[in-house]
Amino acid sequence: MAGRTIATICARGGSKGLPGKNIRPFAGRPLIEHTIAQALECEALDGVYVSTDDDAIADVARRAGATVPYRRPAELATDQAGKLPVIEHLVAHLEAGGARIARVVDLQPTSPLREAGDIAAALAALAARPDADLVFSVSEAADNPYFNLVEPGADGWVHLSKGQGSARRQDLPPVYALNGSIYVWRRTALAHAAAHGMWSVNAAVHVMPRWKSVDIDTLDDFEYAQWLQARRAGPGRG
């Protein structure tokens with residue numbers, strides 16, 4: 001029997017950049033509800049699970065249709081706690097209860113502009129690459145290390161981060177920025193990465209438009225995402 005494909009959503013109660021952001025009203029409902037709704041709409045997912053240390057987030061998540069199997073342990077709810085151990089902890093808890101899990105789709109609750117189709121496309125990208133352990137979402141980078149990113153050199157002067165600045169843009173490899181929205185893991189790779197880091201596995205990308213890639217961390221991010229959402233909805237649409 002093949003293992004399940006589940007979505008995980010990690011949402012701490014504490015946020016220094018924008019307090020209470022995970023349940024802050026966004027386009028008429030708590031922010032995290034948008035991610036839960038997208039996951040529930042994606043037919044390829046067999047379950048949607050939220051890891052949180054916060055009772056208010058847990059209540060909102062359950063009302064939105066997600067499963068909140070426990071309150072996250074305090075040691076995994078600090079500013080210093082890495083996200084991969086949090087996901088691994090949740091998946092291992094489900095497996096201890098008898099679940100067989102083959103793929104884990106981690107969805108960031110602060111990326112409300114993604115769509116269910118993006119989740120499905122990222123899953124399809126992993127299926128198309130049997131040699132890949134992970135597919136994560138990106139957008140085309142606004143800045144490029146071959147053209148306008150510079151860094152100090154050993155000689156004390158500033159240089160382009162990559163290359164010499166003489167190549168044509170169309171001859172250089174594409175450069176992407178991680179947007180944090182979607183991570184599709186093979187189960188065994190997630191366990192390995194939780195112990196050794198994300199870059200210890202073979203990764204491929206799913207490219208999303210920049211307008212879908214806003215990650216809300218500050219009030220400015222929130223207001224910009226609200227503007228984008230309102231523009232997408234248009235007059236008279238929700």
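The values are calculated or read from the model by the stated rules, or taken from the named source; none is laboratory data. Since the structure is predicted, the reported quantities are computational estimates derived from the model, not experimental observations. Backbone-built Cβ (ideal geometry, glycine too); neighbour counts: all protein chains shown.
A few comments on the model shown:
- Within segment 137-157, one or more residues are among the charged types (D, E, K, R) and closer than 30 Å to VAL48 by Cα.
- The set of residues in segment 146-177 that are in contact with an Asp or Glu (Cβ under 9 Å, 6 or more places away or on another chain) and not in a loop (DSSP other than H, G, I, E, B) comprises VAL158, HIS159, LEU160, TYR176, ALA177.
Each row is one residue, and each column tells you yes or no for (1) touching a Pro at 6+ places or on another chain (Cβ under 6 Å); (2) exposed (fewer than 12 other Cβ atoms within 10 Å of the Cβ); (3) among the aromatic types (Phe, Trp, Tyr); (4) in contact (Cβ under 8 Å) with a residue 60 or more places away in the chain.
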{"position": "ALA177", "(1), (2), (3), (4)": "no, no, no, no"}
{"position": "VAL184", "(1), (2), (3), (4)": "no, no, no, yes"}
{"position": "ALA195", "(1), (2), (3), (4)": "no, yes, no, no"}
{"position": "SER200", "(1), (2), (3), (4)": "no, no, no, no"}
{"position": "VAL214", "(1), (2), (3), (4)": "no, no, no, yes"}
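- Criterion (part of a helix (DSSP H, G or I), within 14 Å of the chain's Cα centre (by Cα) and either more than 14 Å from VAL207 (Cβ to Cβ) or aromatic (Phe, Trp, Tyr) (or both)) met by exactly one of LEU113, LEU94, LEU123: LEU123
- Leading residue by the ranking (surrounded by the most Cβ atoms within 10 Å (Cβ to Cβ)) among those in segment 146-174 that are touching a Lys or Arg at 6+ places or on another chain (Cβ under 9 Å) and in contact (Cβ under 8 Å) with a residue 24 or more places away in the chain: TYR146
- In segment 128-145, the residues that are in a strand (DSSP E or B) and out of contact with any strand residue (DSSP E or B) (no Cβ under 6 Å at 6 or more places or on another chain): GLU140
- Any pair with Cβ under 7 angstrom, 6 or more apart, that starts in segment 119-141 at a residue that is surrounded by fewer than 19 Cβ atoms within 10 Å (Cβ to Cβ) and ends at one that is charged (D, E, K, R) and assigned to a helix (DSSP H, G or I): GLU140/ARG210
- Complete set of residues in segment 14-49 that are without any contact (Cβ under 8 Å) to a residue 60 or more places away in the chain and in contact with a Phe, Trp or Tyr (Cβ under 9 Å, 6 or more places away or on another chain): GLU33
- Of the residues making up segment 194-219, those that are farther than 24 Å from ALA81 by Cα and touching a Leu at 6+ places or on another chain (Cβ under 7 Å) are TRP211, LYS212.
- If you go through segment 50-75 and keep only what is within 16 Å of VAL86 (Cβ to Cβ) and either free of Cβ contacts under 8 Å to residues at least 12 places away in the same chain or assigned to a helix (DSSP H, G or I) (or both), you end up with ILE57, ALA58, ALA61, ALA74, GLU75.
- Counted residues, segment 81-114 - those being among the aliphatic types (A, V, I, L, M), free of Cβ contacts under 8 Å to residues at least 24 places away in the same chain and either over 14 Å from THR8 (Cβ atoms) or crowded, with 22+ Cβ neighbours inside 10 Å (or both): 2
- Considering segment 1-41, the residues that are polar (S, T, N, Q) and at pLDDT 95 or above include one that is surrounded by the fewest Cβ atoms within 10 Å (Cβ to Cβ), namely THR5.
- Residue list for segment 7-28, restricted to those being part of a strand (DSSP E or B) and more than 14 Å from the chain's Cα centre (by Cα): PRO25, PHE26
- Picking from residues in segment 45-80 that are at pLDDT below 95 and of a type in the set (Lys, Arg), the one that is surrounded by the most Cβ atoms within 10 Å (Cβ to Cβ) is ARG72.
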